[in-house]
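Here the structure comes first, spelled out in structure tokens, and everything after it is commentary.
The values are calculated or read from the model by the stated rules, or taken from the named source; none is laboratory data. Quantities reported herein were computed from a predicted structural model and do not represent experimental measurements. We place every Cβ from the backbone using ideal geometry, glycine too, and count neighbours over all the protein chains shown. All accessible areas refer to the heavy atoms of the entire protein, side chains included, with ligands and DNA or RNA removed. Shrake-Rupley method; radii C 1.70, N 1.55, O 1.52, S 1.80 Å.
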Amino acid sequence: MKIAVVGMGYVGSVTAAVLAEAGNSIYAVDIDPMKIESLKNGKPLIHEPGLEEILQANKERFTFSTSYEGIRGCDICILCVPTPNSSGRIELKYVLEAAKRAGEIKPGITLVIKSTVLPGTASRVASETKLTVVSNPEFTSEGRAVNDTRHPNRIVIGSGDSGAAQMVADLWKFTASPVLITNNANAELIKYASNSFLATKISFINEIANLCEKIPGADVSVVAKGMGYDRRIGSEFLRAGLGYGGSCFPKDTQALIGFASDMNERLSVVEAAMTVNSAREQRVLDLCKSALGGNLDGGKICVLGLSFKNDTDDLRESKSLTLISKLEGEGAQVRSFDPIVKGNSQKNHCDTLKECVSGSELVVIATEWPEFKESLTDFHGTIVDARRILDPGSVTKYRGVGLYSG
Ligand code: UGA
């Protein structure tokens, strides 16, 4: 098929790449000329494992442009533009603008909304553009987006038009994943309910982690492992730590709560998940404080990992960054290192892990990069493992979230 993909961020570029790999020809649009130039050269501006390889291997299937014009030659247009938070509500202007422009260039084109939008958005877009609108939310996670898009757990398609829904289902047939075809509102809500549920799961285990810290012998990673064997619970998203960050969970939970409250409904479970999450940095700060004898002032602290999780360079809503400013607020001298985020705005950012760790009294593991596991065996200060990736016995002095330490 000839597919237009609008918005070349994390979702759009990976969607375009995987659809090209499946044999489609892609007209990729973004308003940012730098992004488009870079993609033309097969180089994404973001770090996403496997993406560059697909772009290079399928070069002839792509046309990258800052103009909407080429949408005229496409059968379908997939919107992957952002829906940022604006005072707790989602900002729809990019979706509406892109939809209108696509409809003006090619009246009658089938519009697919992959951007995360609240229930009612597809029907609003349809009435404003007179286009057939299919909701097709994405469930890919950064750092694993290529694999998640090639092999999704499920494909969710929402539309009032069964022909258009089938066309989108056919597009993703190569994944051989289960397909749920429903109406737009259900598809839109599935996305928010899924992210909110996962966020809740994380906050749940983080509260259990708090409890474990008070129970002699308790360790949240063992508790989570035991819980995860139960198929009804499942082992994923039960990693206790610094809490969830990123461009999705914080924004989506907040948007869903706001949306519900507009309809006089209170989502108290999701609210609690947010409250627990916002206390995580303080919790880790307290661990650092107690490891340094109750005072952080002047403490030489090395924070490992800056992005909101490993395998991405995305700093949006990064818990690590908030932790750093809290530590600095208490007078600590903080240095930081990240395997892929370089030269960022952090004052004392180091180019190597060795440089960052040397001379520090305390190391905090703030992002779950597996390579941190092997690199700290020679460090003899205290390690605060805020992501529980180390074996406590592998280092000299260890403090971990969710681990009783007397
Ligand atoms: C999330 C969802 O996992 C995707 O399914 C969804 O498509 C995406 O949002 C989106 O809406 O676009 P993402 O935010 O990229 O993906 O990353 P996750 O792997 O979900 O991690 C989110 C945060 O939770 C990270 O800060 C991570 O460190 C934290 N986390 C995750 C935990 O603290 N514990 C866990 O057990 C899992």
task: Just give me the residues in the range 88-105 being open to solvent by 60 Å² or more (accessible area, probe 1.4 Å) and either touching a Lys or Arg at 6+ places or on another chain (Cβ under 9 Å) or assigned to a helix (DSSP H, G or I) (or both), in sequence order.
output: 93, 94, 97, 100, 101, 104
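Okay, residues lined up against (1) open to solvent by 50 Å² or more (accessible area, probe 1.4 Å); (2) farther than 17 Å from residue 125 by Cβ; (3) under 18 Å from the mean Cα position of the chain (by Cα); (4) not assigned by TED's automatic domain parsing to the domain that holds residue 111:
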site: 39; (1), (2), (3), (4): no, yes, no, no
site: 44; (1), (2), (3), (4): no, yes, yes, no
site: 48; (1), (2), (3), (4): no, yes, yes, no
site: 61; (1), (2), (3), (4): yes, yes, no, no
site: 65; (1), (2), (3), (4): no, yes, no, no
site: 68; (1), (2), (3), (4): no, no, no, no
site: 81; (1), (2), (3), (4): no, no, yes, no
site: 85; (1), (2), (3), (4): yes, yes, yes, no
- prompt: Within the range 176-193, is there a residue that is in contact with a helix residue (DSSP H, G or I) (Cβ under 7 Å, 6 or more places away or on another chain), of a type in the set (A, V, I, L, M) and more than 30 Å from residue 401 (Cα to Cα)?
  reply: yes
- line: Note: among 122, 102, 126, just one is away from the ligand (no atom under 16 Å from the Cβ), within 14 Å of residue 27 (Cβ to Cβ), of a type outside the set (Val, Ile, Thr) and modelled with pLDDT of 95 or more, namely 102
- prompt: Does the range 120-145 hold any residues that are closer than 17 Å to residue 185 by Cα, in contact with a Ser or Thr (Cβ under 9 Å, 6 or more places away or on another chain) and not polar (S, T, N, Q), and which are they?
  reply: 122, 126, 131, 133, 134, 137, 138, 139
message: If I filter the range 346-354 for residues that are within 14 Å of the ligand (Cβ to nearest atom) and without any contact (Cβ under 8 Å) to a residue 60 or more places away in the chain, do I get at least one hit?
response: no
- request: Could you tell me whether the range 357-367 includes any residue that is in a loop (DSSP other than H, G, I, E, B) and within 12 Å of the ligand (Cβ to nearest atom)?
  value: yes
Helices (runs of 4 or more DSSP H) contained entirely in the range 150-260, each with at least 3 residues that are open to solvent by 20 Å² or more (accessible area, probe 1.4 Å), more than 16 Å from the ligand (Cβ to nearest atom) and modelled with pLDDT of 95 or more: 162-171, 184-212
task: Could you check how many residues of the range 122-137 are touching an Asp or Glu at 6+ places or on another chain (Cβ under 8 Å) and open to solvent by 10 Å² or more (accessible area, probe 1.4 Å)?
output: 2
Of the criteria (1) surrounded by fewer than 15 Cβ atoms within 10 Å (Cβ to Cβ); (2) touching a residue at least 60 places away in the same chain (Cβ under 8 Å); (3) at negative phi; (4) not polar (S, T, N, Q), which one residue 406 fails: (3)
statement: Per the filter on the range 180-237, residues of a type in the set (A, V, I, L, M) and within 26 Å of residue 119 (Cα to Cα) are 180, 181, 185, 187, 189, 190, 193, 198, 199, 202
